[in-house]
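The values are calculated or read from the model by the stated rules, or taken from the named source; none is laboratory data. Just so you know, these numbers come straight off a predicted model, no measurement behind them. Positions of Cβ are generated from backbone atoms using ideal geometry, with glycine treated the same way; all protein chains shown enter the neighbour counts.
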Amino acid sequence: MKWTVGQRIAVGFVVILVLLVVVAGVGMYALPRTTETFSGAVHQQEQSLEALRADERLTGANANFLRYLLTADPRFLKVMEERRSSGRQAITALRDASTTPESKGGWEEALSLLTLFEEGQNAAISAKAARREGEALRISAEQMEPVRERLTALVDRLVASDRARAKEATQSAVAAASRAFWVIVIVGGLALLSGVLIAWAMTRSIAGPLRQAIGTLASSASEILATTTQVTSGAAETATAVSETTTTVEEVKQTAQVSSQKAKYVSESAQKAAQVSQAGKKAVDKTIDGMSRIQQQMESIAESIVRLSEQSQAIAGIIAVVNDLAEQSNLLAVNAAIEAAKAGEQGKGFAVVAQEVKSLAEQSKQATAQVRAILNDIQKATSATVMATEQGSKAVAAGVKQSTDAGESIRVLTESIAEAAQAATQIAASSQQQLVGMDQVALAMENIKQASTQNVASTRQTETAAQSLHELGQKLKQLVEGYKV
């Protein structure tokens, strides 16, 4: 069967229209989904960034809480409450903005853990205000630390999940955009090639029956021009869509940069908190050493007071001996006076001596009584001092034990903060890797944009050629006007 020129033209235009329909269908199907996928990726990136901000605020609140436990400065409490409230609001917003049941449930669990952590902080603050430092540190180490670790692990898992979904969505969008681009390029090339083949076929067909072909040529040139114009418009729309997609990728890249900066800030804050905890540990160690020296000095004082008490008892014995001597001297003086009275005139001088001995004995007895009274006061004061020294030794021993417990709690707290600092460093490294990946995606989209621009330029050249063909057809039609085609 031999096809006529009209049939060949009709088949050619059908092929071109089919290819145009394919191009339009691919563009209408792929570009909205690519844009939607990139929007989802941007949303996931914003979720990850907001989660890092929430974790940063909670870390800052915990650092100010620890500073308050170490310094009892109420300014740290004010900053802690502000950051804690901001962190809770951020987690609540993340829960409300979650699009999956798993993510929503995870943030709900994070809110519950945050409530437990806040209750522990309030209990430790109350203990600190009541000067129960040991209890405050114990609450911080035993009650709050496990909750904080669970909360940190949960936030890290949710952030990792959001990043994984964002990465998957971004890769899917890039793959879809790339497929759509190449399909459009291939189909557009086929359409262009079909147009050239159709023009060549028409040229050969109208070489013989020139008069019949001129009319058909003019009509076909008009249709080719219209078709090429539609192809040009579709290619321009495709280029615009690719440009918008490139802009979206650039915004995602900027979001990733902000996320990387925030992760670096969180890492630096964790490092500072670790340094503060190390300084607190050193201060507690110095306190323990000081309390040990005070305990040794109290023990030395107690031994000196015991020796003083023993010497006071020895003095009491000497005073008793002196008192006995005074009694005996007084008795001897009385006996001497009696003997002097018996001796008469010869004993008067002896009587005077006896009187003086009696007077000295009385004075010695009075002095002994005064010394005994003073010694009793000294013994009472010594006994009171011994009791006070014992109580001081017990208090110092209790202080040494509390300082030791506080040192152990600070050590545990230091290890926990060091682990948190290491985790923050890992998050910063992961954010940096993600930023590198977004740079690669942005570069790939820029290449796609350049290819789309080149495609638009090629299509416009085809449109110019079709315009020239249309003008040629009109001129030929004017030459054969009046003849039947």
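Table for the structure above
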read-out	value
Selection from segment 96-136 of residues that are assigned to a helix (DSSP H, G or I), among the hydroxyl-bearing types (Ser, Thr, Tyr) and surrounded by 15 or more Cβ atoms within 10 Å (Cβ to Cβ)	103
Unique match (being touching an Asp or Glu at 6+ places or on another chain (Cβ under 7 Å), over 30 Å from residue 163 (Cα atoms) and assigned to a helix (DSSP H, G or I)) among 398, 406, 373, 388	406
Looking only at segment 146-175, and only at residues there that are within 20 Å of the chain's Cα centre (by Cα) and crowded, with 20+ Cβ neighbours inside 10 Å, the one that is modelled with the lowest pLDDT	162
In segment 361-403, the residues that are among the hydrophobic types (A, V, I, L, M, F, W, C) and over 30 Å from residue 333 (Cβ atoms)	378, 381, 384, 386, 387, 388, 395, 396, 397, 398, 400
Residues (of a type outside the set (S, T, N, Q), part of a helix (DSSP H, G or I) and in contact (Cβ under 8 Å) with a residue 40 or more places away in the chain) located in segment 62-85	63, 65, 66, 67, 68, 69, 70, 77, 80
Only one of 455, 447 that is among the polar types (S, T, N, Q), modelled with pLDDT of 75 or more, within 30 Å of residue 170 (Cα to Cα) and in a helix (DSSP H, G or I)	447
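Results for (1) in contact with a Lys or Arg (Cβ under 9 Å, 6 or more places away or on another chain); (2) modelled with pLDDT under 75, shown as yes or no for each residue.
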site	(1), (2)
10	no, yes
20	no, yes
26	yes, yes
44	yes, yes
50	no, yes
63	yes, no
71	no, no
98	yes, no
108	yes, no
